[in-house]
Amino acid sequence: MLSGVSMKSRWLHLLLLVLLAGLCSAADLSGNWMVSSGTDGLVRSYFNLKQEGARITGTIRATQFYYTITESTGDTDGFKVTGTMQDGKNQRRVVYEGKLVGEELHIGTRRRFDGPLSELVAHRVPAGEGAYPARVPPPALHKVPDNGLAKTPPMGWNSWNKFASRVDDATVREIADAMVSSGMKDAGYVYINIDDTWEGDRDAQGNIQTNKKFPDMKALAAYVHSKGLKLGIYSSPGPNTCAGYEGSYGHEQQDARTYAAWGIDYLKYDWCGARNLYTNEEMHAVYQPMGEALLATGRPIVYSLCQYGLSDVWKWGPEVGGNLWRTTGDIRDSWDSMARIGFGQDELAPWARPGHWNDPDMLEIGNGAMTDTEYKVHMSLWSILAAPLIAGNDLRSMTPSIKEVLMNREVIAIDQDREGKQGKRVSKSGDQEIWVRPLSGGALALGLFNRSAESATMTVTWADIGLKKTPRHLRDLWAHSNVEAHGPTYSTTVPGHGVVLLRAGQ
């Protein structure tokens, strides 16, 4: 028989083992963790982890991405997990590092392999919170009726290139004021488009709300309309937008009605989070519900498809009600980015027509990383391409030279030509290219582009561009002067990274 002392020692030993087991259990990484950031904490990332010894499995939902953990090392004192996801034909990977600090999960990733860790603090949340929604099968394909809008390429402004997540109600009002006072409205720019990060949560009925940056979207629309302008907004067919805010997945009709009630005139619809639920081959069908929903509101709302030129969108964009569709990845304010995108549009000319436009992305003119000469190339090329002219700079502080580029009415007239025929490359010799766009009345827009850093003499032979004789009228649209043409050719000096843009007619 055990003595009282021995019995007491045994119970103390057992109690200690239980406490230690409890501490070990508490230190386990297993659970659902959430990090909130962005406006009002509306960007939420979820780490649904399961730890079994030194092995960590689970999923990561971060902004528009949804990863499955495929590799792991370490434990609560310091771990590293690798998440993978299929992004179209490519596999996307992300690596997170972290450790458990009391009841907090300190976790982050590195933008560069050897860069600093962008550490975030996650807290436990109930199981199931933030779970990725179930997939809704895409609808059967059918043609959405034409909305009759955008008979010429849309002209306006978008917040993303300059302001990104910093855009707010006050900024949009000031941009609207500047669009009028600067003369841009009179030059044809109409749309004031709010890009990502305006979104709040949904109410109990599922209606999308704005966040604190935009306290009253309907009042903002009324203000923009009072200036003789139109207001645009942004969403995604996925559960999340690119920046991680609320998308329109499963709420297409509801969101379209909300936009119409607010007075919205333009919707940019970005693929982003939809990639986790659908393949690129299903993109056509996935964009159809919002096209139908916008049309059903009875309000004229331009439908802009933003899906980076995937799945030959130019072939089916009009069938989902689209007025314009992105043909490329995102543009940057650099000569290389602008030139690569702009000069890569040649084969898409057959797909552009009134009401339906190829969109090589927004203008970077005035954002400061290119020269005024390079910005003239940007404006000239986009006009020959019959591309939407959506400015992306700060309209409140434009220099006279930037105003001259954006508001050159002779160049804008090329872009807005009523026949809506996109121009094409007709010749290329080294770094020099000649592009031609047919215009109404039998005229031609002729762009002599010099992609070299050094100036060059360029010559156009009239017969090579389809003219049987020397044009009687030839005008330099940047010099705003008529030029003389004699004989079967015309030669001129084009500056490095520059353009001579001509209008030729008989």
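Throughout, read-outs are computed from the coordinates displayed, never taken from laboratory work. All values reported here derive from a predicted model rather than from experimental measurement. As a convention, Cβ positions derive from the backbone with ideal geometry for all residues, glycine included, and neighbour counts pool all protein chains shown.
Remarks
- Per the Debye calculation on the stretch 82-183 with a single equal scatterer at every Cα and no solvent contribution, log₁₀ I(q)/I(0) for q = 0.11, 0.17, 0.23 Å⁻¹ amounts to -0.84, -1.08, -1.24.
- Links that overshoot a 24 Å alpha carbon limit, given the list Lys315/Lys428; Lys230/Lys376; Lys227/Lys268; Lys227/Lys403; Lys151/Lys230; Lys151/Lys212: Lys315/Lys428; Lys230/Lys376; Lys151/Lys212
- Normalised by 2.2 N^0.38 Å, with N the number of residues, the alpha-carbon radius of gyration of the chain equals 1.20.
- With the convex hull of the Cα atoms taken as the outline of the stretch 268-331, the averaged projected area works out to 4.2 nm².
- If you take the Cα centroid of the stretch 55-95 and the Cα centroid of the stretch 263-338, the two points sit 29 Å apart.
- Nonlocal amide H pairs with Trp357, under 5 Å, H built at 1.01 Å: Leu324, Trp325
- Summed side-chain charge close to Asn367 - residues other than Asn367 whose Cβ falls under 9 Å, Lys, Arg +1, Asp, Glu -1: -2
- Helix axis angle, 372-384 relative to the chain longest principal axis, alpha carbon, degrees: 80
- Peptides 249-256, 228-235 ranked from most to least packed give 228-235, 249-256, packing being the mean of other C-beta atoms within 10 angstrom over each peptide's residues.
- Whole-percent P(r), the stretch 28-125, all Cα pairs, 10 Å bins from 0: 16, 52, 29, 3, 0.
- Hull volume in cubic angstrom per residue (convex hull over the Cα atoms of the stretch 155-422): 117
- Angle of helix 169-181 to the longest C-alpha principal axis of the chain, folded into 0 to 90 degrees and rounded to 10: 0°.
- Cα centroid separation - the stretch 223-261 against the stretch 387-447, whole Å: 30
- Of the peptides 431-444, 101-114, 458-471, the ranking by mean beta-carbon count within 10 Å, highest at the top, reads 431-444, 458-471, 101-114.
- Over 22 Å [Cα-Cα, the stretch 267-405], rounded percent: 42
- 3J(HN,Hα) along the stretch 335-351: 4, 4, 5, 4, 5, 4, 5, x, 7, x, 9, 3, 6, 8, 3, x, 8 Hz, from the Karplus curve 6.51 cos²θ - 1.76 cosθ + 1.60 with θ = phi - 60°, whole Hz, x for Gly and Pro.
- Ordering of 412-422, 396-406 by packing is 412-422, 396-406, highest average first (other Cβ atoms within 10 Å, averaged per residue).
- Most positive-pole-ward Cα, Val35, Asn90, Thr63, against dipole of the stretch 28-125 from beta carbon charges: Asn90
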